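Some notes on the structure that comes next.
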Amino acid sequence: MGQLVGIADARTARRKSVLLRLDPRLYNALAQWAADDFRSTNAQIEYLLHKVLVDAGRVSAARTRRSQPRAERA
């Protein structure tokens, strides 16, 4: 059991948690878009943020598996 906690801690250390307050209409629109793209709302927000950062030249254009639409992963 201690081994499982260690694995979970290692995964958590690689990702940051952020509290985000959204207008309910904005959240609903994001949730619907996420469902249309077969993603969670959280993954959709992360995808969109990554896309905006790439477009603005703030991060490398190299795409991670998580940032790709499921249709492109196959």
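The values are calculated or read from the model by the stated rules, or taken from the named source; none is laboratory data. The structure presented is a predicted model; accordingly, all values stated were derived computationally and were not measured. Here Cβ is always computed from backbone atoms with ideal geometry, including for glycine, and neighbour counts include all displayed protein chains.
Miscellaneous remarks
- In summary, Arg39 fulfils each of the numbered conditions (1) among the charged types (D, E, K, R); (2) modelled with pLDDT under 95; (3) surrounded by 10 or more Cβ atoms within 10 Å (Cβ to Cβ) with the single exception of condition (2).
- Answer from Leu30, Leu19, Leu49 - the residue that is in a loop (DSSP other than H, G, I, E, B) and modelled with pLDDT of 85 or more: Leu19
- So Gln44, is it modelled with pLDDT of 95 or more, surrounded by 10 or more Cβ atoms within 10 Å (Cβ to Cβ) and more than 13 Å from the chain's Cα centre (by Cα): no
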